[in-house]
Amino acid sequence: MKDACAVTTTTPFTPRLEVRHVQLLRAGFAALAAAMVTFSADHSAQLGLSVFSGFAIATALVLLLAAWLSYPSGVRAPIVTQAIFTGIAGMVAGLGGLRTPEMLFSVLISWALITGFIEAITGFRARRPRSAEARDGITIGVLTMLLGLVLIAVIFFAPQPYNVEGHEFVLTRTIVAVGLFGGYVAVVAVFLAIAGFSPRRFAVHSGDVDAAAEASTDDIARAAGAASTPNPTRDNA
């Protein structure tokens, strides 16, 4: 009587695009947006929405790419959701006829609060909350939500006249909002660049140890079964 030994194996997910590469791509687009805002004398709603549109659409494409190439199927939903909201916000901001101060605040605030919450909660619910990737997601998510909250406060900002070398200017809420967005993407670019270039620690987790122990037990059982199986050729000899 032969004992049958059933072995169940699961193929581990191998990312085709490392998370650090995703972070560096996002950092690159954020740095480009920061440079466009910083080196432009025009801080109007038209410029702010134009820069945000390109930044948001590029970020959405990176997130969609990462969802399929960097993460297993069980954790893709929040990343895809974040990409969809970011892409929609970018496309709305790209509508030239709607680039008004009201649209600037509406798009930036809604995008920041929704996507920031998604990214932060994804980091909190990560399988390994102590990992650098989870901490990076929480940090960027909280920073994005903070941008949205600050922009809500800026809505009530009263225009402030000021004088530079005899020239009169007025600091409006639109100028402040575009400047805050430029500062936000600059911070995101630096943070994600540091995260992308930082060395990764490979920790041994209990689940990995249990899987390795189970695999070793199965190997021993198969070896024992093979040794106890009669060999007709040897018996006839």
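Quick notes
- Within region 127-166, the set of residues being among the charged types (D, E, K, R) and part of a helix (DSSP H, G or I) comprises 133, 135, 136.
- Some residue of region 120-127 being among the β-branched types (Val, Ile, Thr) and out of contact with any helix residue (DSSP H, G or I) (no Cβ under 6 Å at 6 or more places or on another chain): yes
- Single residue of region 143-174 satisfying the filter (of a type in the set (Val, Ile, Thr) and loosely packed, with under 15 Cβ neighbours inside 10 Å) that is farthest from the chain's Cα centre (by Cα): 164
- Checked against the criterion of being touching a Ser or Thr at 6+ places or on another chain (Cβ under 7 Å) and under 15 Å from residue 179 (Cα atoms), region 80-99 has no qualifying residue.
- In region 63-106, the qualifying residues are those that are more than 28 Å from residue 157 (Cβ to Cβ) and small (Gly, Ala, Ser), and the one that is modelled with the lowest pLDDT is 74.
- Filter result for residue 17 (more than 30 Å from residue 106 (Cα to Cα), surrounded by 15 or more Cβ atoms within 10 Å (Cβ to Cβ) and either at pLDDT 90 or above or not hydroxyl-bearing (Ser, Thr, Tyr) (or both)): yes
- Tally, over region 58-95, of residues that are over 14 Å from the mean Cα position of the chain (by Cα) and among the β-branched types (Val, Ile, Thr): 2
The values are calculated or read from the model by the stated rules, or taken from the named source; none is laboratory data. Just so you know, these numbers come straight off a predicted model, no measurement behind them. All Cβ positions, glycine included, derive from the backbone under ideal geometry; neighbour counts span all protein chains shown.
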